[in-house]
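For reference, the structure discussed in these notes is given below.
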Amino acid sequence: MEVIRINLKENSYNVYVGFNIANLEPYLNKLNIGNFAFIITSKKIYSLYKNIIKNIYKDYKVFKVIDREEAKSKEWLFSAINTLLKYDKYNKKIFVICFGGGTISDLGGFLASIYKRGIPYINIPTTLLAQIDASIGGKTAINLKEAKNILGTFYQPRAIFIDPVFLNKLPEEELKNGLAEAIKYGIIKNKELFYFLKDNYKKIISLDRDSILKILKESIKIKADIVSKDPNEKLGLRTILNFGHTFAHALETYSSYKSISHGKAVAIGMLYASYLSFILGKCSFSEVIKVKNILDIYSFKTDIDFDYIKLYKIFNYDKKFIKGNIRMVLLKRIGEVEVISNIPKEKVLEALKNFNKISF
């Protein structure tokens with residue numbers, strides 16, 4: 001097991017990689033975060049790991065949500081709060097366990113951040129996407145119909161426990177959702193990781209343990225380093241983690257969170273951001289082709305029909321569009337990106353309008 005430290009001025013914590021969840025209770029006791037576990041999971045995850053969940057902690061309540069992005073809603077949030085209230089007795093010190101994918105860590109973390117102005121929580125991510133991205137860094141949120149993650153907080157977990165064994169039961173589409181984020185890490189910060197992903201497709205997709213552990217550790221270290229330096233995204237350093245996500249979140253909102261997976265949305269978003277970078281003269285077209293090629297290797301279909309005017313309007317709800325100032329993460333070369341502000345509206349629209357007309 002490897003321990004990766006998220007070093008913050010306040011609320012530092014460990015990410016345990018390669019952890020055996022069957023041995024979790026002694027760690028929870030050492031954390032001294034409470035005596036009653038409110039475990040948030042999804043119906044599907046519960047059916048797969050019922051015995052594990054029941055043995056995480058001796059005194060607990062399991063709250064199950066639907067197995068979709070729609071679980072990140074005010075309806076499910078308040079349903080969870082109302083259930084939690086029934087168990088919040090005078091002798092209970094409640095903490096939250098988020099057991100599942102990124103939807104669960106977003107919803108559960110947000111609940112923990114607002115209930116009694118903050119109670120402890122831990123993450124046990126079961127998808128590759130959550131293990132390398134969503135569970136780390138303290139971003140919590142729910143969606144409204146107008147935009148994804150528009151209600152949220154920065155609220156750090158007390159620990160994260162990552163066991164790659166969960167990936168064995170992951171559908172290929174869910175695995176690819178996580179691989180899209182791993183590709184993102186390679187593009188923004190680590191060209192060695194990028195080319196490892198490019199050259200080892202067969203091993204990775206077949207869940208070769210050494211390959212998966214390398215992806216987990218390298219990706220988590222990148223995020224840990226960035227989050228430690230800029231935990232609340234105030235310095236602009238953390239913004240690079242959003243590469244491809246402005247387009248991706250808008251596309252997910254455009255499709256009402258139903259017809260496109262997060263991984264596919266991020267893949268398309270990264271290609272769009274790379275293409276916009278080329279239009280703005282920030283990178284060569286050969287760098288755009290490198291992004292396109294690796295997405296092709298992992299069978300991400302990047303051609304999609306959309307109303308570019310409607311999509312642009314959704315862009316404007318994005319947290320990275322500040323007072324009309326369009327700010328996005330753009331590609332310079334594989335392994336290096338930059339945050340650019342005051343991007344001309346007409347260039348963003350031009351890239352949206354022509355995106356599916358380009359022959360990559």
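All of the numbers you see were taken from the coordinates with simple rules; none came from a lab. Bear in mind the structure is a predicted one, so any value in this text is a computation, not a measurement. Neighbour counts run over all protein chains shown; Cβ positions are idealised from the backbone, glycine included.
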Item checked: Within straight-line cross-link reach of LYS86, aspartates and glutamates at Cα separation under 20 Å, skipping those fewer than 8 residues along the same chain -> ASP59, GLU75
Notebook entry, point to check: Any idea what % of Cα-Cα pairs in region 183-357 are farther than 20 Å?
Noted result: 52
Check: Near LYS203, within a Cβ-to-Cβ distance under 14 Å, what is the net charge of the other residues, with Lys and Arg +1 and Asp and Glu -1?
Finding: +1
Margin query: Quick check: residue separation of ILE358 and ASP296 times 0.36 nm, minus the Cα distance between them. What number comes out in nm?
Written below: 20.8 nm
Item checked: Distance in nm between pseudo-label sites at LYS203 and ASN232 (7 Å out along the Cβ direction from Cα) -> 4.2
Check: At SER259 and ILE66, where each label point lies 7 Å from the Cα along Cα→Cβ, what is the point-to-point distance in nanometres?
Finding: 1.8
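Starting from the eigenvalues of the Cα gyration tensor, five times each then square-rooted, give me the equivalent ellipsoid semi-axes of the chain, largest first, whole Å. Provide the component values of the computation, followed by the final result.
Details: eigenvalues 230, 98, 67 Å².
Three semi-axes, in Å: 34, 22, 18.
So which of LYS145/LYS292; LYS223/LYS301; LYS301/LYS357 end up more than 22 Å apart, counting from Cα to Cα? Could the numbers behind the result be given before it?
Numbers: LYS145/LYS292 31 Å; LYS223/LYS301 26 Å; LYS301/LYS357 14 Å.
Pairs exceeding the cut-off: LYS145/LYS292; LYS223/LYS301.
Test of understanding: what is the full-extension gain from ASN82 to GLU10, defined as 0.36 nm times their sequence separation minus their Cα-Cα distance?
Using 0.36 nm per residue and subtracting the Cα-Cα distance, I get 22.9 nm.
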Item checked: Nearest 10 degrees, 0 to 90: helix 285-297 Cα axis against the chain principal axis -> 50
Notebook entry, point to check: Non-local amide H neighbours of TYR317 (under 5 Å, H modeled in plane, Pro and chain starts lacking H): which ones?
Noted result: none
Next item on the list: Within 10 Å, count the other beta carbons around each residue, average over each peptide in 261-270, 113-122, and list them highest first.
Entry: 261-270, 113-122
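For the chain, what does the relative contact order come out to in percent, with C-alpha contacts under 8 Å and a separation of six or more?
Working: 642 pairs, mean separation 52.8, N = 360.
Computed value for the chain: 15 percent relative contact order.
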Notebook entry, point to check: What ratio of Cα Rg to 2.2 N^0.38 Å holds for region 249-301?
Noted result: 1.21
Check: According to a simple spin-label model (label point 7 Å from Cα along Cα-to-Cβ), what is the distance in nm between ASP303 and TYR317?
Finding: 2.9
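Based solely on its DSSP helices, what 222 nm [θ] is calculated for the chain when runs of n ≥ 4 H residues each add -39,500 (n - 2.57) and the sum is averaged over all residues, nearest 500 deg cm²/dmol? Before the final figure, lay out the partial values.
Details: 13 runs with 159 residues, N = 360.
Counting only the DSSP helices, I get -14000 deg cm²/dmol.
Note down the net charge around ILE56, summing +1 for each Lys or Arg and -1 for each Asp or Glu among other residues with Cβ under 15 Å from its Cβ. Write down the numbers at each step before the final one.
Values: positive: LYS30, LYS50, LYS54, LYS58, LYS61, LYS64, ARG158; negative: GLU25, ASP59, ASP163.
Here the count lands on +4.
Based on a Kirkwood Rh over C-alpha pairs, give the Stokes-Einstein translational diffusion coefficient of region 2-169 at 20 °C and viscosity 1.002 mPa s in µm²/s.
On the way: Rh = 15.7 Å.
Rounded to a whole number, D works out at 136 µm²/s.
Please compute one quarter of the surface area of the Cα convex hull for region 153-259 and express it in square nanometres. Numbers along the way, then the final one.
On the way: hull surface 31.9 nm².
Across all orientations, region 153-259 yields a mean hull projection of 8.0 nm².
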